[in-house]
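Trainee: Below is a structure I'd like to ask you about.
The values are calculated or read from the model by the stated rules, or taken from the named source; none is laboratory data. None of the values given here were measured: they were computed from a predicted structure. Because the Cβ atoms are built from the backbone with ideal geometry, glycine has one as well, and the counts that use them run over all protein chains shown.
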């Protein structure tokens with residue numbers, strides 16, 4: 001009777017680790033493609049080739065391009081608002097919190113311009129593809145509370161004039177943040193974005209003019 005051989009050892013990373021790495025790479029590549037080309041012009045083949053997998057393998061992770069876009073949106077929102085939450089921690093006033101949020105947005109855009117590029121394209125893609133709305137809405141509503149909560153806390157601290165609408169102020173702050181992201185994406189110049197934020201903060205604290 002021969003001596004039983006020990007089972008062969010599998011080399012490389014565990015399957016679940018490799019799958020998670022591929023998923024992460026897939027989202028990163030898709031984010032860049034959607035940011036540059038938009039939803040319609042981005043193809044699964046482009047993404048698969050860049051990731052190094054077959055086109056069919058994408059469906060192992062996401063059943064459709066709509067699902068992939070939704071997953072990228074969810075990931076981007078997590079990246080952005082985790083950075084914002086970290087940035088405002090330790091600040092006490094609305095001005096300081098919003099200033100820290102603006103600075104965090106500058107840093108995000110400097111590190112990865114595809115984040116702003118993706119974000120500014122979402123509204124247009126949702127209009128062109130209404131079928132995206134049910135997929136994006138839950139995350140959009142949840143993350144949309146960030147600025148509104150910031151304003152409500154300022155109101156509770158007595159920082160706001162009595163005739164200021166918290167909803168209107170939250171809308172304004174969102175418009176400013178979104179507009180600066182669009183500006184950064186259009187110019188492709190993170191330094192100009194940073195300079196614009198610096199001037200805006202001086203405008204808000206009254207040190208811009210003599």
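Trainee: When only residues in the stretch 111-145 that are loosely packed, with under 14 Cβ neighbours inside 10 Å and touching a helix residue (DSSP H, G or I) at 6+ places or on another chain (Cβ under 7 Å) count, which is nearest to residue 202 (Cα to Cα)?
Mentor: 133
Trainee: Let me ask something else. So which of 171, 167 is in a helix (DSSP H, G or I), more than 20 Å from residue 82 (Cβ to Cβ) and free of Cβ contacts under 8 Å to residues at least 12 places away in the same chain? Show your work before the answer.
Mentor: Details: 167 fails: free of Cβ contacts under 8 Å to residues at least 12 places away in the same chain.
After ruling out the rest, the residue left standing is 171.
Trainee: Only helices (runs of 4 or more DSSP H) wholly contained in the stretch 1-61 count here; list those with 1 or more residues that are under 24 Å from the mean Cα position of the chain (by Cα), at pLDDT below 95 and more than 28 Å from residue 126 (Cα to Cα).
Mentor: So the answer is 15-41.
Trainee: Could you tell me how many of the residues in the stretch 174-210 are touching a helix residue (DSSP H, G or I) at 6+ places or on another chain (Cβ under 7 Å), without any contact (Cβ under 8 Å) to a residue 60 or more places away in the chain, assigned to a helix (DSSP H, G or I) and over 19 Å from residue 123 (Cβ atoms)?
Mentor: The number of residues fulfilling the criteria is 1.
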